[in-house]
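The values are calculated or read from the model by the stated rules, or taken from the named source; none is laboratory data. Since the model is a prediction, treat every value here as computed from it, not as a measurement. Cβ sites come from the backbone with ideal geometry, for glycine too, and all protein chains shown count toward neighbours.
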Amino acid sequence: MRNTARKIYIALIFIFLYAPIFTLMVLSFNASKTRAKWGGFTFKWYSALFQNRDIMEALVNTLLIAVISSLVATVIGTIACVSMSGMKRKTRSILLGITNIPMLNADIVTGISLMLLFISFGIRFGVGTILLSHITFNIPYVILSIMPRMKQLNPSTYEAALDLGASHTTAFFKVVFPDLLPGILSGFLMAFTMSLDDFIITHFTKGAGVDTLSTKIYTEVKKGIKPEMYALSTIIFVTVLLLLILVNMAPSGKNEKADK
Amino acid sequence: MTSKSKWLSAPYVLWSIIFIVIPLGMIFYYGLTDKTGAFTLENITAIMTAEHAKALWLSILLSFISTLICFLLAYPLAMILANMKVNQHSFIILIFILPMWMNFLLRTLAWQTLLEKSGVINNILNFLHLPNINIINTPYAIVLGMVYNFLPFMVLPLYNVLSKIDENVMNAAKDLGANSVYTFFRITLPLSIPGIISGITMVFVPALTTFVISTLLGGSKILLIGNVIEQEFTQASNWHLGSGLSIVLMIFIILNMIASAVFDKDGEGAML
Amino acid sequence: MKKKNVKTAILTVSCALTAMAALTGCGSSGGENGEVIVYNWGEYIDPETIDMFEEETGIKVIYDEFETNETMYPKVESGAASYDVVCPSDYMISKMIENDMLAELNFDNMPNAKANIGEQYYEQSKGFDPDNKYSVPYCWGTVGILYNQTMVDEPITSWAQLWDEKYADNILMQDSVRDAFMVAEKLHGFSLNTVDPEELETAKNSLIEQKPLVQAYVIDQVRDKMIGGEAAIGVIYSGEAIYTQRENPDLVYVIPEEGSNVWIDSWVVLKDAPNKENAEKFIDFMCRSDIAVKNFEYITYSTPNDAARELIEDEDIKNSEIAFPDLSQYDNLEVYVYLGEEGDALYNEMWKEVKSN
């Protein structure tokens, strides 16, 4: 009885979360332009989507910005974490406090503050400004996922490596880095996700003719929804689903081996 | 490591100063000056004028309601998920994160399509000869959009803390004669407070400051404080007023930060 | 040893930064003959004409869109985005002239602009560009009401019908300050350029009174919503009338009896435009009759290009009262003028009051 109630509850939330996405997917195959009536099954919006230069450009921009910004943020964040462990408690908490600002602050305030910065230093808005902004709000997510690992680290292994004659660099990459790796990876993924999903900060820091998917969708939505958008969302959803299933399969396969 | 660390941290410290501290300083500079550059508090006190106060109040109200609904929906869900058999974990969690990976605007766009007058829901209702619902372009639609978009942010931290609660503690309580209601209020709930706090923060702040959801689902009829600020920058080009109102907004966020710092002393956050 | 580590770290970061800087630089490399950055209204050009321009001239077009004159201005003013060609409306052009933001055009470089655009449109432009030095007309039209015959009880002829309770939740208003206030000002018989605080107060109160009846404040979405039957009545630019009627024959466009706004959107070149020469080439290309007629057929906004009008094949549209109204038969159409900084601030303030109410 209680189990059934639980299952029903999960199912309801599940419907709530997926009904809208499912609707978009169905509409992407609707031949009629208005969503009020079903005009038959078609793939034409998909071919229209791939012929739409603007959307394709935006897609490339989005991915490029997400990859580069999360990579740079991961490098900076990792170095910051390592260096912070040697700091005085007070300095560290001040620095961590500042780090957390872009994460806790409203996106709109972060976006505006960066816009003001770029304008007053005369930096031309473009892909570069979007990148700088994305790196900035990505770093906290990286630091946040590495920090707990940093605390679990046993400093004596590092010192032991040094005693055995390893250089600082070798000791770091052979001893510390492997321990941090899971944190670094999850930080990278987190940063990548945040960058992909961001609209507000990009909205304020983007330049002429440079669009990410988010800003493109925003202008499209304001002009009136085109069926190509439904096709796009279906493709994004299926891609993400496949990726997540793949990512999810990999570690579970390892676990099974370990169990044996 | 100490002497070396100083140098190692340089790039990051520099980055934080240029891209976090200085930009914030600029907001304060613009917010506290007028067009001639003279010091003024006018942009801050502008929040008291009828239209701004109204927008702020509406934002607080709607985001409060959304946060509450998110909490009420997410807590039982997180408990159920946390009690599930281990091998299903990752898959179930995946299912609840998945919508978060869809573009935020597309998700909101979906609701526009569903809720419109001749939208999908009304078509289905018509087909079933049921009365139509008409909540698009009302505050209800905005609350719905907020709950839909931010629910995963509430579920995840709650799930994280709840799944970490040691079952032995619960069993001990039961052995000592506590019933399930008592166990819940004396053990589960207090132990999950860090998760609750970070969940609330992660829902309340974006909901309070959004301008996208209100634009897309409110038909530009409903002005939230986020819309006011956005318009000051992108339409009225009054950066001073926009910055002043942003400072007011930040006060609310700082209050939120203090609250979470009090409850979450480790400074790690439970959101990851 | 220690130093080496520091170096590695700094090297990594600086590599990343250089890579980024390089990337930023690449972003603006342009075509073989440079580039031109165009800032135009949403859905206001046939994308094919841009491709044709790129092909014929080897100039890369970076194309960006704005929703209203009001969102365009701060972007251009802040200077961070450095556009070349912009297409603002009349009153915004005079504001930009007044603030010394526009470059004088050299019409010798633009033979098509000189030859093809009707003399009367240059005459009309003198209202905001007194010496015809800064702007080349691109489109013109009126603001009126589009209604769905099947959803209203009687023909719509007056702005007052936008206040009729019957049509509650079936009305679409324009989400831009001047157009929204124009409706209320005309309703009360005021000038649409009034800055009289009392008249504005009355207009504002009418808009607040109307707000519960309004389904949404929208801009480009009006046309899709009207085509889809989402609303019965919408305030719309005349240019959308032909397009929407083609998609949904039940729709009718009227200029209300109280009068309305007549507008011109013109190409201008910004004073600090990085590619002035290419900008003039672009404007001139858009004035070529075959290109202008292509654009007209795509966006269906009235073209001031007389040579292009001759090329329109469909006789009905060529002589259409909606596409090319005879303005002499209306005596209550007004052009927006720039109201000065104070006037703008007053309108913005009042608009915010309407929206937040």
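Name the residues in the range C:85-122 that are in a helix (DSSP H, G or I) and within 20 Å of the chain's Cα centre (by Cα), would you? The answer is C:90, C:91, C:92, C:93, C:94, C:95, C:96, C:97, C:98, C:113, C:121, C:122.
Give the residue that is surrounded by the fewest Cβ atoms within 10 Å (Cβ to Cβ), with candidates limited to residues of the range C:98-111 that are touching a strand residue (DSSP E or B) at 6+ places or on another chain (Cβ under 9 Å) and either under 21 Å from residue C:284 (Cβ atoms) or acidic (Asp, Glu) (or both).
Of everything passing the filter in the range C:98-111, C:104 is surrounded by the fewest Cβ atoms within 10 Å (Cβ to Cβ).
If you go through the range C:323-341 and keep only what is within 21 Å of residue C:71 (Cβ to Cβ) and part of a helix (DSSP H, G or I), you end up with C:340, C:341.
On the stretch given as the range C:215-226, residues that are away from chain B (no Cβ under 11 Å) and more than 15 Å from residue C:299 (Cα to Cα) total 1.
Restricting the range A:162-190 to residues that are within 14 Å of chain C (Cβ to nearest Cβ) and small (Gly, Ala, Ser), the residue that is farthest from the chain's Cα centre (by Cα) is A:165.
Among the residues of the range A:2-50, those identified as hydroxyl-bearing (Ser, Thr, Tyr) and in a loop (DSSP other than H, G, I, E, B) are A:28, A:32, A:34, A:42.
Only residues that are at pLDDT below 85 and among the acidic types (Asp, Glu) were counted in the range B:159-200, giving 2.
Being more than 7 Å from every other protein chain (Cβ to nearest Cβ) and of a type in the set (Val, Ile, Thr) is the filter here; which residues of the range B:102-117 pass it?
Correct list: B:108 only.
The set of residues in the range C:293-322 that are of a type in the set (S, T, N, Q), in a loop (DSSP other than H, G, I, E, B) and on the phi < 0 side of the Ramachandran plot comprises C:303, C:319, C:320. Counting only helices (runs of 4 or more DSSP H) wholly contained in the range A:168-223, the ones carrying 2 or more residues that are touching a Ser or Thr at 6+ places or on another chain (Cβ under 8 Å), of a type in the set (Ser, Thr, Tyr) and surrounded by 20 or more Cβ atoms within 10 Å (Cβ to Cβ) occupy A:200-205, A:213-223. Among the residues of the range C:175-194, are any within 23 Å of the chain's Cα centre (by Cα), within 14 Å of another protein chain (Cβ to nearest Cβ) and not in a helix (DSSP H, G or I)? Yes, there is a match, as at least one residue in the range C:175-194 is within 23 Å of the chain's Cα centre (by Cα), within 14 Å of another protein chain (Cβ to nearest Cβ) and not in a helix (DSSP H, G or I).
Collect the residues in the range C:97-129 that are aliphatic (A, V, I, L, M) and within 20 Å of residue C:275 (Cβ to Cβ), keeping them in residue-number order. Within the range C:97-129, C:101, C:102, C:103, C:105, C:110, C:113 qualify. The numbered conditions (1) closer than 27 Å to residue C:173 by Cβ; (2) surrounded by fewer than 21 Cβ atoms within 10 Å (Cβ to Cβ); (3) at the interface with another protein chain (Cβ under 10 Å from one of its Cβ atoms); (4) out of contact with any Gly (no Cβ under 7 Å at 6 or more places or on another chain) are all true for residue B:140 except (3). In the range B:177-225, counting only helices (runs of 4 or more DSSP H) that sit wholly within it, the ones holding 3 or more residues that are within 21 Å of the chain's Cα centre (by Cα) and within 30 Å of residue A:199 (Cα to Cα) span B:193-209, B:212-218. Of all positions in the range B:55-72, at least one carries a residue that is at the interface with another protein chain (Cβ under 9 Å from one of its Cβ atoms) and within 26 Å of the chain's Cα centre (by Cα).
Of B:133, B:187, B:197, B:193, all but one fail to be within 14 Å of chain C (Cβ to nearest Cβ) and touching a residue at least 12 places away in the same chain (Cβ under 8 Å); the exception is B:133.
Scan the range C:148-165 residue by residue and report those that are touching a helix residue (DSSP H, G or I) at 6+ places or on another chain (Cβ under 9 Å) and part of a helix (DSSP H, G or I). Residues satisfying the conditions are C:151, C:159, C:160, C:161, C:162, C:163, C:165.
Considering only the range A:54-69, I want to know if a residue exists there that is in a helix (DSSP H, G or I), crowded, with 21+ Cβ neighbours inside 10 Å and facing another protein chain (nearest Cβ under 7 Å).
First, pick out the residues of the range A:54-69 that are in a helix (DSSP H, G or I): A:54-69.
Within this subset, residues satisfying the condition of being crowded, with 21+ Cβ neighbours inside 10 Å are A:55, A:58, A:61-62, A:65-66, A:69.
So of that shortlist, the ones also facing another protein chain (nearest Cβ under 7 Å) come out as none.
For the range A:54-69, residues in a helix (DSSP H, G or I), crowded, with 21+ Cβ neighbours inside 10 Å and facing another protein chain (nearest Cβ under 7 Å): absent.
Any residue in the range B:244-261 that is under 30 Å from residue B:165 (Cα atoms), away from chain C (no Cβ under 14 Å), assigned to a helix (DSSP H, G or I) and at pLDDT 90 or above? So far as the range B:244-261 goes, no, none of its residues is under 30 Å from residue B:165 (Cα atoms), away from chain C (no Cβ under 14 Å), assigned to a helix (DSSP H, G or I) and at pLDDT 90 or above.
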